[in-house]
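Take a look at the structure set out below.
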Amino acid sequence: MTLSATALVTLVEAKNHLRIDAVASLHIDAEFLGVGDGSDKTFDLDNTPIEGSLILKVNDVLQVEDTDFTIATATITFTTAPTLNHGITASYDYAALADTFESYDDALLENLIEAATKRAEDYTGRAFIQRTVTEEHYGDGSAIIRLYKRPVVSITSVVRRISEAVGTGDGSTVVFTLDETPTNDASVSLYVDGSLQTITTHYTLSGATVTFVSAPADDTKITAKYTHTILAINEYTELLHQGRLQCLDLWTANRIYQVVYEAGYAASRAATQLLVPDAVAAVLLIVAFLFENRTDQVDNINISGIGNTSFKLPSQAEELLNPLRINLI
């Protein structure tokens with residue numbers, strides 16, 4: 001698979017965080033170099049340490065580079081030969097070879113990145129990388145619709161889904177009028193006694209006027225479902241900084257409103273990462289958490305390629321993401 005445009009981190013970034021990329025490093029916890037004999041000053045490591053990562057001990061006493069020893073590639077030279085029978089150990093990072101991690105499944109990691117991004121966005125109520133969001137809200141008679149994702153860049157459209165009784169056939173009337181003008185012809189489903197009618201074949205539509213090709217039979221019930229586009233200048237005010245739409249009257253109870261809007265910090269992954277570095281760190285933590293420990297957790301989520309798994313945000317990720325939630329209350 002290929003990462004979606006809305007995944008907050010790349011495959012390489014996730015691999016580097018997990019230390020499973022060829023350009024990442026591996027770690028040696030305790031390599032035994034041997035024991036002192038009072039005369040030998042030179043000892044070889046199994047690998048070449050990454051500069052600054054070497055921790056060298058003699059008889060469990062930390063040695064100081066340039067004071068107690070020097071290192072050239074993988075060869076250590078002590079200033080004074082280690083004492084007889086004193087053990088010498090080293091811990092360090094070293095660069096992985098190009099084929100070290102060929103067995104890792106890139107598709108699995110990409111799925112984890114997608115799941116981690118979604119969880120972080122849902123937890124914070126944010127859209128990280130800009131995209132078009134389509135969501136439905138039930139009118140509850142209040143003046144405010146609160147959008148689910150922030151920050152909101154712009155409102156594309158707001159439509160009201162309408163289901164209405166248009167009228168009753170009498171065998172002669174062919175023209176009926178809808179309560180509102182549909183958004184377009186494709187949004188209309190017109191029924192006569194529950195039978196779906198086909199535009200052009202059974203009726204034509206002009207604005208809010210329905211004209212049947214043949215008059216519906218006597219006592220048949222004519223109903224319609226359609227969407228009606230609401231214009232901001234007439235019916236609502238955009239409160240983009242709050243992620244809300246304020247109706248100039250009230251959002252009608254029991255009506256469904258479909259809102260399409262643009263949300264997110266920036267149009268590209270790289271630009272977004274600069275704006276929300278804490279979210280990047282949190283997504284990487286969640287990827288590692290899912291990759292390394294996917295059992296005995298809570299909150300079910302279905303991840304393609306893995307199946308249904310359960311997990312809870314690691315506490316470090318929550319701490320990083322919590323500031324993004326503060327002004328969403």
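The values are calculated or read from the model by the stated rules, or taken from the named source; none is laboratory data. Here the structure is a predicted model, which is why all the values come from computation and not from measurement. Note that each Cβ is placed from the backbone with ideal geometry, even for glycine, and that neighbours are counted across all protein chains shown.
Structural remarks
- Count of the range 192-238 residues which are of a type in the set (Gly, Ala, Ser) and under 30 Å from Leu250 (Cα atoms): 5
- Count - residues of the range 248-301 that are modelled with pLDDT under 90, of a type in the set (Gly, Ala, Ser) and within 28 Å of Arg146 (Cβ to Cβ): 1
- Every condition in (1) within 21 Å of Thr124 (Cβ to Cβ); (2) over 20 Å from the mean Cα position of the chain (by Cα); (3) hydrophobic (A, V, I, L, M, F, W, C) is met by Leu275 except one, and the failing one is (2).
- The residue that is modelled with the lowest pLDDT, counting only those in the range 128-154 that are of a type in the set (Ser, Thr, Tyr) and under 22 Å from Tyr265 (Cβ atoms), is Tyr148.
- Candidates Thr173, Thr181, Thr229, Thr204 - the one that is touching a residue at least 24 places away in the same chain (Cβ under 8 Å) and assigned to a strand (DSSP E or B): Thr229
- Boolean, Thr48 is outside any loop (DSSP other than H, G, I, E, B), at pLDDT 90 or above and either out of contact with any helix residue (DSSP H, G or I) (no Cβ under 9 Å at 6 or more places or on another chain) or buried (at least 16 other Cβ atoms within 10 Å of the Cβ) (or both): no
- Pick from the range 132-178, criterion aliphatic (A, V, I, L, M) and under 11 Å from Val259 (Cβ atoms), ranking: farthest from the chain's Cα centre (by Cα): Val159
- Annotation: of all residues in the range 22-45 being within 45 Å of the chain's Cα centre (by Cα) and part of a strand (DSSP E or B), the one that is farthest from Asp105 (Cα to Cα) is Phe32.
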